[in-house]
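Where a number appears in this text, it was derived from the coordinates with a stated rule and is not lab data. The structure presented is a predicted model; accordingly, all values stated were derived computationally and were not measured. Because the Cβ atoms are built from the backbone with ideal geometry, glycine has one as well, and the counts that use them run over all protein chains shown.
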Amino acid sequence: MSLEPIYGLILAGGASKRMQRDKAALIIQGKTQLDRAFELLSRHVSRVFVSVRADQTSDPARAHLPMIVDSVEGTGPIVGIRSALAAHPGVAWLVLACDLPFLSDTAIQELLRRRDPSALATAYNSAHDGLPEPLCAVWEASAAGLLVAYQAAGGHCPRKFLIRHGAQLIDLPDPRALDNVNTPEEYSQAVAALDTLPPMQLRIQYYALMREQAGRSEETLETLAATPADLYTELAARYGFTLSREQLKVAVNSEFSDWSRKLAANDAVVFIPPVAGG
């Protein structure tokens with residue numbers, strides 16, 4: 001049985017009442033939050049859409065991106081999720097809020113790796129209260145009918161839906177990954193926190209196919225990558241590495257390492273490709 005394909009959906013149809021500015025258009029490290037989220041998801045799924053209200057389709061922060069316009073009655077994230085499920089039946093959706101400045105490739109990769117297609121959704125446990133995080137989750141196509149009934153009965157909260165109907169819940173690799181920005185104060189704090197993360201110098205070694213594709217056997221580079229998983233995603237985009245992470249092992253400072261290990265300045269990182277022969 002083949003898995004349903006997964007598309008990406010970035011929820012950007014909110015009114016941003018507490019922020020008093022459009023959260024999607026806020027600048028984080030030189031890009032809008034919406035563009036950062038779109039680029040992040042585009043590295044992991046084949047198609048990404050932005051969920052918008054009908055009156056937002058010509059907005060400059062959204063108009064340059066593929067959109068799914070709300071097609072059902074109601075307000076809030078549940079409308080965006082239902083509209084996406086209706087627009088592409090038979091597709092699962094990696095749903096993401098647009099205001100998650102600390103979200104990393106590692107968190108997205110782990111969510112996709114742990115996806116349970118037999119559940120209505122696969123979601124992270126909140127680092128704050130242990131409840132499902134519905135706005136960084138894979139929603140399966142099988143949730144569509146139950147969401148219709150839930151909303152028809154007066155339900156509107158995606159988190160309460162997942163609590164009632166169940167989801168595959170997994171732990172966050174980084175407790176801060178799903179911290180969002182809802183107020184001007186939270187936005188200022190996020191900008192300050194991200195701006196104080198200095199780039200680290202790391203020593204990287206390449207072997208076999210990776211050495212050929214990178215055109216070098218080693219290098220020292222500056223990066224903001226927090227983990228080997230983040231670093232490999234960055235390097236794969238730069239050099240066009242064709243090996244998947246699952247085909248590799250990683251060593252840090254001459255010891256085999258977990259992909260979620262926190263990197264430190266001057267670490268020596270080696271990505272070890274499969275060994276040919278027997």
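Per-residue counts of other Cβ atoms within 10 Å, averaged by peptide: what ranking do you get for 235-246, 100-111, highest first? Kindly include the intermediate steps, with their values, before the conclusion.
Numbers: 235-246: 13.9, 100-111: 21.6.
The packing order, highest mean first, is 100-111, 235-246.
Can you quote the Å³ per residue value for the convex hull of the Cα atoms in region 200-272, rounded to an integer?
76 Å³
Counting pairs of alpha carbon atoms under 8 Å apart in space and at least six apart in sequence, what relative contact order in percent does region 6-190 give?
On the way: 339 pairs, mean separation 45.3, N = 185.
Dividing the mean separation by the residue count of region 6-190 yields 25 percent.
How high is the relative contact order of region 11-55, given as a whole-number percent (alpha carbon pairs under 8 Å, six or more residues apart)? All intermediate terms of the calculation are to be shown ahead of the outcome.
On the way: 27 pairs, mean separation 18.9, N = 45.
So the answer I get is 42 percent.
Could you run the Karplus curve 6.51 cos²θ - 1.76 cosθ + 1.60 with θ = phi - 60° over region 13-30 and give me ³J(HN,Hα) per residue in whole Hz, x for Gly and Pro?
x, x, 8, 6, 5, 5, 6, 6, 8, 5, 4, 4, 8, 5, 8, 10, 6, x
Residue by residue, what Karplus-based ³J(HN,Hα) values in Hz, rounded to whole numbers, does region 223-231 have, using 6.51, -1.76 and 1.60 with θ = phi - 60° and x for Gly and Pro?
Coupling constants for region 223-231: 8, 9, 4, 8, 9, x, 5, 4, 5 Hz.
Based on DSSP H runs of at least 4 residues, each adding -39500 (n - 2.57), what is the mean residue ellipticity at 222 nm of the chain after dividing by all its residues, to the nearest 500 deg cm²/dmol?
Numbers: 8 runs with 79 residues, N = 278.
After summing the helix terms and dividing by residue count, I get -8500 deg cm²/dmol.
Students often check this: by mean Cβ neighbours within 10 Å, which of 118-127, 145-154, 177-186 ranks highest, and how do the rest follow?
Per-residue mean Cβ counts within 10 Å order the peptides as 118-127, 177-186, 145-154.
Can you list the residues, at least 5 places off or on another chain, whose amide H is less than 5 Å from the amide H of residue 18, using H built in the peptide plane?
For residue 18, no residues qualify.
Does region 1-113 classify as rounded, prolate or oblate by the C-alpha gyration tensor (a ≥ b ≥ c root eigenvalues; a/c under 1.5 gives rounded; else a/b over b/c gives prolate, otherwise oblate)?
On the way: a/c = 1.88, a/b = 1.17, b/c = 1.61.
Cα axes put region 1-113 in the oblate bin.
What's the center-to-center distance, using Cα atoms, between region 115-143 and region 53-69 in Å?
26 Å
Please report the relative contact order for region 200-272, taking Cα pairs under 8 Å with a sequence separation of at least 6, and give it as a percent rounded to a whole number. If you can, show how the numbers build up before the last one.
On the way: 117 pairs, mean separation 30.2, N = 73.
Across region 200-272, relative contact order equals 41 percent.
For the chain, give the share of DSSP beta bridges that are antiparallel, in percent and rounded to the nearest 5; count only bridges with both residues there. Please report the intermediate quantities before stating the final value.
Values: 23 of 42 bridges.
Of those bridges, close to 55 percent are antiparallel.
Taking H as built 1.01 Å from N, whose amide H comes closer than 5 Å to the amide H of residue 67, not counting residues under 5 places away?
Those qualifying (amide H under 5 Å, at least 5 residues apart or on another chain) are 50.
Going by a ≥ b ≥ c, the root eigenvalues of the Cα gyration tensor, does region 6-190 fall in the rounded group (a/c under 1.5), the prolate group (a/b larger than b/c) or the oblate group? Intermediate results must be reported in sequence, preceding the final value.
Values: a/c = 1.40, a/b = 1.15, b/c = 1.22.
Here region 6-190 falls in the rounded category.
Long-range amide H contacts for residue 9: which residues qualify at under 5 Å (H placed 1.01 Å from N, peptide plane, sequence gap of 5 or more or a different chain)?
The answer is 49, 94, 95, 96.
Per-residue HN-Hα couplings for region 242-250, Karplus 6.51 cos²θ - 1.76 cosθ + 1.60 at θ = phi - 60°, whole Hz, x for Gly and Pro?
9, 7, 7, 4, 5, 8, 10, 10, 10
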